[in-house]
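Taken together, the values in this text are just the output of simple stated rules run on the coordinates, not laboratory data. Not measured: the values here are computed from a predicted model. Heads up, the Cβs are rebuilt from the backbone with ideal geometry, glycines too, and the neighbour counts pull from every protein chain shown.
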Amino acid sequence: MQKEKNVSTSNCFVNYFRRNLGSLIGLAALVIIIGMITPRLFSGTNLLNLLKSNSVNVIISCAMLLAILLGEIDISVGSTVGLAGVVSAALITNFEMPVGAAVIVSLLVGVAIGAINGISIAYFRVPAFIATLATQCIGRGLTQVISGGISIRVRNDGFSQIAMANLGGVSVIIIYAAAFLLITWVLLNKTKFGYYIYAIGGNRQAAQYSGINVKLFNALPYVFSGVACAFCGVLWTARLGSAAAMLGNGFELDAISAVVIGGTSMSGGVGTVGGTILGILIIGVLQNGLNLMGVNSFWQYVCKGIIILLAVIIDVIRKSKED
């Protein structure tokens, strides 16, 4: 029995390396090149900062993975982060609401946005891009209205500890990210929910004929996304000690980049949490390396855009060969 278990584990690792060989080679090459240019990449302080700064992207990428597995997308993730962050800051600072209650209200904001996205897309057949573009605009508008276009400072030690605490010498924000990765992996690989997501993304009509409640399981990932992004908004605000009007701006680009680079097909039905982890590392190392080299942030957007385009082109070529 133990021998069979070891063989099974070995096969899983072999399959993982085969499936993600391109991403692994890309990550290794990126680390070597940037490490040669700026050895500070390998310093303990920088590696810890790399993990902490990418923890929020890990959580958002888990949500984005579910949407893209459906063959759809969620571009409202950044605005949801911003809105939830500003709501939590405003409730604590302006209305003196207890931290726990403020966090719950902020998460409910995420649930509401996710529900609006999910219902619009699944039940009213609004294209995912249009539905999430609309909620992105709504979220950005409400963020500006609530904040008045300025940063809201939060001076509350209890709130700060949500993101700044350490457990066993490990930053709690890294633990949150690991927990979301584990939850997403379990959902996709060990539950009917994951089976249905892959089935719907692979062939929506066949999934419906097989008895899957396509509308329900098309909507639920967006609710998950809303909660995850709202949680990120709370984390980011607690970490910075303030919520800016533009909080979360561009977060959707990092999440889409990570998921697509990690081998998830934009047409749906193909993708893994393991591949997404590699995508997150590639984006994180690239951004961290460019920062260490003093490259202008505007050029970083250019690099990310090129990477996304190349990843999608590779996916299209791969799909055409399979067909």
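Summary table
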quantity: Footprinting exposure proxy for Thr132, Thr93 (fewest neighbouring C-beta atoms within 10 Å first); calculated: Thr93, Thr132
quantity: Among Ile306, Ile121, Ile197, residue whose mean-square fluctuation peaks in a GNM of the chain (springs only between Cα atoms under 10 Å); calculated: Ile306
quantity: Gap separating the Cα centres of segment 46-99 and segment 169-218, nearest whole Å; calculated: 19
quantity: Overall form of segment 66-214 per C-alpha gyration tensor (a/c, 1.5; a/b vs b/c); calculated: oblate
quantity: Protection proxy ranking of 163-176, 53-66 - average other beta-carbon atoms within 10 Å, highest first; calculated: 53-66, 163-176
quantity: Highest-first arrangement of 83-91, 144-152, where packing means the average Cβ count within 10 Å; calculated: 83-91, 144-152
quantity: Theoretical ellipticity at 222 nm over the chain - DSSP helices of four or more residues, -39500 (n - 2.57) apiece, nearest 500; calculated: -25500 deg cm²/dmol
quantity: Rounded if a/c under 1.5, otherwise prolate or oblate - segment 185-323, Cα gyration tensor axes; calculated: oblate
quantity: Residues Val81, Val223, Val186, sorted so that the one with the fewest Cβ neighbours within 10 Å comes first; calculated: Val186, Val223, Val81
quantity: Neighbour-count order for Cys137, Cys232, Cys303, fewest beta carbons within 10 angstrom listed first; calculated: Cys137, Cys303, Cys232
quantity: Residue (of Thr132, Ala207, Gly158) at the positive-pole extreme of the chain, dipole from beta-carbon charges; calculated: Ala207
quantity: Three-way shape call for segment 246-323 based on the alpha-carbon gyration tensor, with the a/c threshold at 1.5; calculated: prolate
quantity: The chain: relative contact order as a whole-number percent, Cα under 8 Å and 6+ apart; calculated: 32
